[in-house]
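Inspection log for the structure reproduced underneath, given as structure tokens.
The values are calculated or read from the model by the stated rules, or taken from the named source; none is laboratory data. It should be emphasised that the depicted structure is a prediction, and the values quoted were computed from it without experimental measurement. Counting neighbours? That spans all protein chains shown, and the Cβs are built from the backbone with ideal geometry, glycine included. When the accessible area is computed, the model is the full protein with side chains, heavy atoms only, and any ligands, DNA or RNA have been set aside. Shrake-Rupley method; radii C 1.70, N 1.55, O 1.52, S 1.80 Å.
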Amino acid sequence: MNKKVILKILSVSILVLAITGCTEKQKNKKEVHDKVVGNESEIVNSENEEDIVFYVDDLDNLHLEEEFKISNYYIRNKVTLLNHYYIDADHVLWGTGRNNCLQMGLINEDDIDNLEPVYYDVKIAENVVHVDCSVNGYFMIYLTEEGELYGVGANLNGVLCEPVNADDLLNPWMNLISQPKLLMEDVTYARSGRESITALKDDGSVWWWGQFLSTSLTKQTQTYMENQNPQLMLEGAIYATCGDIGAAAITKDGELFTWGCNTWGQCGVACGPDDYVRNAVKAADNVKMVWLENLEFDTTNLNWSENMIMDYNNHYDYNTFIQRRDGNLMACGIGLGKEKKTVEIYGDLYEEKSSIYSSEFLPISIREKPSQESLQ
């Protein structure tokens, strides 16, 4: 099989993951945690809630012992399957990897929907303090020292603030922004989900747009949540973030607000007839920091290569994590608590799934992921 065919298969696989999620990640995650903590649960091994353990690559990366400071949470290295974006000491943003959705700002029509070309150390922009991107390589966003938020790549569901085309999700290469476009000004912080963006402005307002599409749904008739234009979700915030299928913000008083997919209570509120929380709802008090789906800012594994395989063992698709102002760590979502549920759709096989879950935040511990040697 030649290289071009292999890369085309990879392209299709990535697209499938974007639409359906990845059941195999859950399987791999279970195997790792079963080895480490020895429980039949998907995530943990102890009936004692205080012994619930989640794993990260680097504890120092989370700034748990430091005072809240927005610059601590700027991302300067971001690695996905297709790309590595990084900011140097002079605030220059560079990119390495593929340009199949023009996500590196290289205007080359031959790259579109083509995973074969690989580029190294492409200079993208100057005066950059923060970068993030879609996990599927659809688009990239970055924030400048002047508070300008830019985006480039696939305009899925209007995520790059341009009119949308029909069937964008199935054909992301049909609606591309080829050069970085100014999306919003006076921005303090921003994060990208798989197909959405959450932005915090200097005045404390939080905006969300794009789409949340989950394949863990109580009923097959429930589909997605989207806004094709930036929607005001909250005011008075000091932090906001975005995951693949959910978002969250923290107010100056430490109140946590969430929205997005809540199939397994991962918004920290009771599950309802709609699997999506479509407006920001209060989920907790006295919160210092929140993470959705994985505990990370900078990517700590920087060994990007054109044939790399991503490690998803510490990616928790249906969990939300918080650090309270007193330093305690908590989580909600699948595999926690005593609530039980069966969903009609779970993962890429569209199969039923039964699991325990918690719509309330429960105490947890966080540890650095053990080495492969210690798992054997």
Inset, instruction - Kindly establish whether W264 is among the aromatic types (F, W, Y), under 20 Å from the mean Cα position of the chain (by Cα) and more than 14 Å from Y318 (Cβ to Cβ). - result: no
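Mind listing just one residue for me: the one in region 259-276 that is of a type in the set (G, A, S) and closer than 24 Å to V56 by Cα and, of those, surrounded by the fewest Cβ atoms within 10 Å (Cβ to Cβ)?
Of region 259-276, the ones of a type in the set (G, A, S) are 260, 265, 268, 270, 272.
Now restrict to residues that are closer than 24 Å to V56 by Cα: 260, 265, 268.
On the way: G260: 27, G265: 25, G268: 27.
Among them, the one singled out is G265.
Examine region 163-182 for a residue that is in contact with a Pro (Cβ under 7 Å, 6 or more places away or on another chain) and either modelled with pLDDT under 95 or within 21 Å of M233 (Cβ to Cβ) (or both), and state whether such a residue exists. Even if it seems obvious, please write down each step before you answer.
Quick first cut of region 163-182, residues in contact with a Pro (Cβ under 7 Å, 6 or more places away or on another chain) only: none.
The answer is no; no qualifying residue exists.
Determine whether K69 is open to solvent by 60 Å² or more (accessible area, probe 1.4 Å), out of contact with any Lys or Arg (no Cβ under 8 Å at 6 or more places or on another chain) and at pLDDT 95 or above.
Details: open to solvent by 60 Å² or more (accessible area, probe 1.4 Å): yes; out of contact with any Lys or Arg (no Cβ under 8 Å at 6 or more places or on another chain): yes; at pLDDT 95 or above: yes.
Taking the combined requirement at face value, the residue satisfies it.
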Legend entry - Top-ranked residue in region 200-214 [being outside any strand (DSSP E or B) and open to solvent by 10 Å² or more (accessible area, probe 1.4 Å); ranked as farthest from V128 (Cα to Cα)]: D203
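Would you mind finding the one in N114, N155, N171, N165 that is surrounded by fewer than 18 Cβ atoms within 10 Å (Cβ to Cβ) and under 22 Å from the mean Cα position of the chain (by Cα)? Spell out the reasoning first.
Details: N114 fails: under 22 Å from the mean Cα position of the chain (by Cα); N155 fails: surrounded by fewer than 18 Cβ atoms within 10 Å (Cβ to Cβ); N165 fails: under 22 Å from the mean Cα position of the chain (by Cα).
Of N114, N155, N171, N165, the one residue that is surrounded by fewer than 18 Cβ atoms within 10 Å (Cβ to Cβ) and under 22 Å from the mean Cα position of the chain (by Cα) is N171.
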Legend entry - Enumeration of residues in region 173-194 that are under 18 Å from A280 (Cα atoms) and in a loop (DSSP other than H, G, I, E, B): G193
Inset, instruction - Assess whether N279 counts as being in contact (Cβ under 8 Å) with a residue 24 or more places away in the chain, surrounded by 13 or more Cβ atoms within 10 Å (Cβ to Cβ) and not in a loop (DSSP other than H, G, I, E, B). - result: no
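Tell me, which residue of region 352-376 that is in a loop (DSSP other than H, G, I, E, B) and at pLDDT below 90 is nearest to D57 (Cα to Cα)? Explain how you work it out, then say what you get.
To start, the set of residues in region 352-376 that are in a loop (DSSP other than H, G, I, E, B) comprises 352, 364, 369-371, 376.
Filter once more, keeping what is at pLDDT below 90: 369-371, 376.
On the way: K369: 6, P370: 9, S371: 10, Q376: 18 Å.
The residue in question is K369.
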Legend entry - Looking only at region 332-369, and only at residues there that are farther than 20 Å from A248 by Cα and small (G, A, S), the one that is surrounded by the most Cβ atoms within 10 Å (Cβ to Cβ): G335
Legend entry - Evaluation of I197 against (1) open to solvent by less than 10 Å² (accessible area, probe 1.4 Å); (2) part of a loop (DSSP other than H, G, I, E, B) (one fails), failing number: (2)
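Would you mind finding the one in L102, L106, L160 that is among the hydrophobic types (A, V, I, L, M, F, W, C) and crowded, with 23+ Cβ neighbours inside 10 Å?
L160
Condition check: open to solvent by 60 Å² or more (accessible area, probe 1.4 Å) and at pLDDT 95 or above. Does Y120 satisfy that?
Values: open to solvent by 60 Å² or more (accessible area, probe 1.4 Å): yes; at pLDDT 95 or above: yes.
Yes, satisfied.
Looking only at strands (runs of 3 or more DSSP E) that lie completely in region 90-157, which have at least 1 residues being free of Cβ contacts under 8 Å to residues at least 24 places away in the same chain?
Numbers: elements: 93-97, 119-125, 128-133, 139-144, 149-154.
Ranges flagged: 139-144.
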Inset, instruction - State the number of residues belonging to region 309-331 that are farther than 13 Å from S365 by Cα and surrounded by 24 or more Cβ atoms within 10 Å (Cβ to Cβ). - result: 5
